[in-house]
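The values are calculated or read from the model by the stated rules, or taken from the named source; none is laboratory data. As the structure is a computational prediction, the values presented were derived from the model and not from experiment. Because the Cβ atoms are built from the backbone with ideal geometry, glycine has one as well, and the counts that use them run over all protein chains shown.
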Amino acid sequence: MSEISEFFPVTAGLVIGLVVLRIASPRIRAIALIALSVLAGVLASFISGELFISWDFIFFDIPLVFAAAAAVVLGVSWWRRRSAATR
């Protein structure tokens, strides 16, 4: 496996984080974050070919997507709150 095989999960997580931020309801946002992370994690394992080696790779790719998405959501939320407080 190469480092490029982890490019898709991280990139998918960043995109998912940005998309999920547009959802107003916190409950629906959390559900969408989890569901899209699972979907993108499975897709990442399939694209990289890891899924054909072992299903265990799913348990690495799903948290990787989720962590990237959660980092974006938390980072942007923090940035918005901080910039609103300084105005």
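Among the listed residues I47, I23, which satisfies the condition of being surrounded by 11 or more Cβ atoms within 10 Å (Cβ to Cβ) and outside any helix (DSSP H, G or I)? Let's see the steps before the verdict.
On the way: I47 fails: outside any helix (DSSP H, G or I).
Among I47, I23, only I23 is surrounded by 11 or more Cβ atoms within 10 Å (Cβ to Cβ) and outside any helix (DSSP H, G or I).
If I ask for residues that are farther than 22 Å from F59 by Cβ and in contact with a helix residue (DSSP H, G or I) (Cβ under 7 Å, 6 or more places away or on another chain), which ones from the stretch 21-39 would you list?
Restricting attention to the stretch 21-39, the residues satisfying the condition of being farther than 22 Å from F59 by Cβ are 21-29.
The answer is L21, I23, R29.
Please count how many residues of the stretch 48-74 are under 13 Å from the mean Cα position of the chain (by Cα) and in contact (Cβ under 8 Å) with a residue 40 or more places away in the chain.
Here is the first cut: in the stretch 48-74, the residues under 13 Å from the mean Cα position of the chain (by Cα) are 60-74.
Now drop any that are not in contact (Cβ under 8 Å) with a residue 40 or more places away in the chain, which leaves 61, 64-73.
Final tally of qualifying residues: 11.
Yes or no, residue by residue, for (1) of a type outside the set (S, T, N, Q); (2) in contact with a Ser or Thr (Cβ under 8 Å, 6 or more places away or on another chain):
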site	(1), (2)
I16	yes, yes
I23	yes, no
A32	yes, no
S48	no, yes
I58	yes, yes
A69	yes, yes
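Could you look through the stretch 50-83, keep only residues that are at pLDDT 95 or above and of a type in the set (G, A, S), and pick out the one that is surrounded by the fewest Cβ atoms within 10 Å (Cβ to Cβ)?
Applying the filter and picking the extreme gives G75.
State which residue is farthest from V65 (Cα to Cα) when the search covers only the stretch 1-14 and only residues that are touching a Ser or Thr at 6+ places or on another chain (Cβ under 9 Å), in a helix (DSSP H, G or I) and among the aliphatic types (A, V, I, L, M).
Filtering first and then ranking leaves I4.
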